[in-house]
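The values are calculated or read from the model by the stated rules, or taken from the named source; none is laboratory data. Please read all numbers here as calculations on a predicted model, not as lab measurements. With ideal geometry, Cβ positions are generated from the backbone for all residues, glycine too; neighbour counts draw on all protein chains shown.
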Amino acid sequence: MSRPLRLAINGYGRIGRCVLRALYESPLKDVFQVVAINEPADLASMAYLSQFDSTHGVFPGTVQQGPGSLVVNGRSIHVSHATEPEAVDWRAAGVDLLLECSGHYSSRGQLQRFIDAGCPRVLVSQPSNSAQDVDYTVVYGINHTGLTGQETIVSNASCTTNAIVPVLSELDAAFGVGHAFLTTLHSVMNDQPMIDGYHHSDLRRTRSAMQSIVPVATGLAQGVERLLPQLKGKVQAKAIRVPILNVSAIDLMVKLDSDVSVQKLNDMLISATRRYPGLLAYSDHPHASIDFNHNPHSAIIDISQTRTNGDGFANLFIWFDNEWGFANRMLDVAQVWSTRFQALQADAV
């Protein structure tokens, strides 16, 4: 295709808005063009929250409200307000790839509705219910080269999976991973209320997000094993929501197959960041979480927090911007996938 690839966004919440903004802040703005957004909220609120963001600051450009559209940096994006995939005329928008960012669709049947409604391909901003619900699950930097272009539904996994899988992959290759226990310290999410309320079937998530540390269920272990099947049965995880707006961390306890010193472990991790430019980084500064707000990496390893105590036991601490890093990985996967299916289309001509 000589024209930019035409993207649509379904669900214009935290991830949907970050994806749009990340696109306009990256070189990919010349590769992709967002032509449609579907979001039940009213247009005036969408325009306002696109321009002013309490977490990521003021949009570095212009956002205006047009007739049935957002006008971003002078380019019009059609906006619809449907609550069902079939209620949007995706074909008329000429969509090449839909980014499903609502979080409401995770099974094959649910996602197929977008395909049937005129979206030729869907990239999902969350893990699927099972591996069979999508054609492929991607953690960019680990298995993105496996995309063929023949897929119609692809999952971008989760922000935590994108953060931890490259680290575990490197640890396993270098030292062997016998067991791993992951504790995610995650910023608040919109399935929690500001004050106690009837907000969720999980009773802990009926409690005020900004007043408590709240343990929640997580499927991170299953997500890791889906990407690193050699670790099947070796990974456990739990998650704790903490009362901050953004930036999360993973406290990783791992039993390696060989003893390592802190220096040897950190040397390996520093070397690993060079193999994953733009994805993995490291720091030894005395950080707080706010330091990583708007950081595009999948994970930043805090090597000042690395600990070992013999018998192969090690403890790592990993920061990540759960919004901005993940939004950038959505765009990375979209670029690789689009290269593949464009090549197939060219061969078919």
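Yes/no matrix, rows are residues, columns are (1) at positive phi; (2) in the same structural domain as residue 290 (by TED's automatic domain parsing); (3) exposed (fewer than 15 other Cβ atoms within 10 Å of the Cβ); (4) modelled with pLDDT under 95:
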position	(1), (2), (3), (4)
24	no, no, no, no
29	no, no, no, yes
45	no, no, yes, no
53	no, no, no, no
57	yes, no, yes, no
62	no, no, yes, no
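All conditions in (1) at pLDDT 95 or above; (2) farther than 15 Å from residue 72 by Cβ; (3) not small (Gly, Ala, Ser) hold for residue 33, with the sole exception of (2). The number of residues in segment 167-202 being of a type outside the set (D, E, K, R) and either more than 30 Å from residue 256 (Cβ to Cβ) or in a loop (DSSP other than H, G, I, E, B) (or both) comes to 13.
The single residue among 218, 183 that is within 24 Å of residue 308 (Cα to Cα) and polar (S, T, N, Q) turns out to be 183.
In segment 214-239, the qualifying residues are those that are in contact with an Asp or Glu (Cβ under 9 Å, 6 or more places away or on another chain) and part of a helix (DSSP H, G or I), and the one that is surrounded by the most Cβ atoms within 10 Å (Cβ to Cβ) is 231. Report whether or not residue 149 is in a loop (DSSP other than H, G, I, E, B), in contact with a Pro (Cβ under 9 Å, 6 or more places away or on another chain) and at pLDDT 95 or above. Judged against the criteria, residue 149 is not a match. Taking the condition crowded, with 17+ Cβ neighbours inside 10 Å and either closer than 20 Å to residue 334 by Cα or of a type in the set (A, V, I, L, M) (or both), does residue 79 pass? Here the answer is yes, as residue 79 does meet what is asked.
Does segment 161-180 include one or more residues that are within 25 Å of residue 18 (Cα to Cα), buried (at least 16 other Cβ atoms within 10 Å of the Cβ) and of a type in the set (Ser, Thr, Tyr)? Within segment 161-180, one or more residues are within 25 Å of residue 18 (Cα to Cα), buried (at least 16 other Cβ atoms within 10 Å of the Cβ) and of a type in the set (Ser, Thr, Tyr). Scanning segment 232-257 for residues that are within 19 Å of the chain's Cα centre (by Cα) and basic (Lys, Arg) yields 238, 241. One residue stands out in segment 240-274 among those that are of a type in the set (Lys, Arg) and surrounded by fewer than 20 Cβ atoms within 10 Å (Cβ to Cβ): the one that is nearest to residue 319 (Cα to Cα), namely 274. Scanning segment 240-261 for residues that are in a strand (DSSP E or B) and of a type in the set (Gly, Ala, Ser) returns 248, 249.
For segment 8-21, the criterion of a residue being over 17 Å from residue 103 (Cβ atoms) and over 19 Å from the mean Cα position of the chain (by Cα) is satisfied by no position. For segment 177-185, the condition holds for no residue, the condition being that it is out of contact with any Gly (no Cβ under 9 Å at 6 or more places or on another chain), over 30 Å from residue 243 (Cα atoms) and not aliphatic (A, V, I, L, M).
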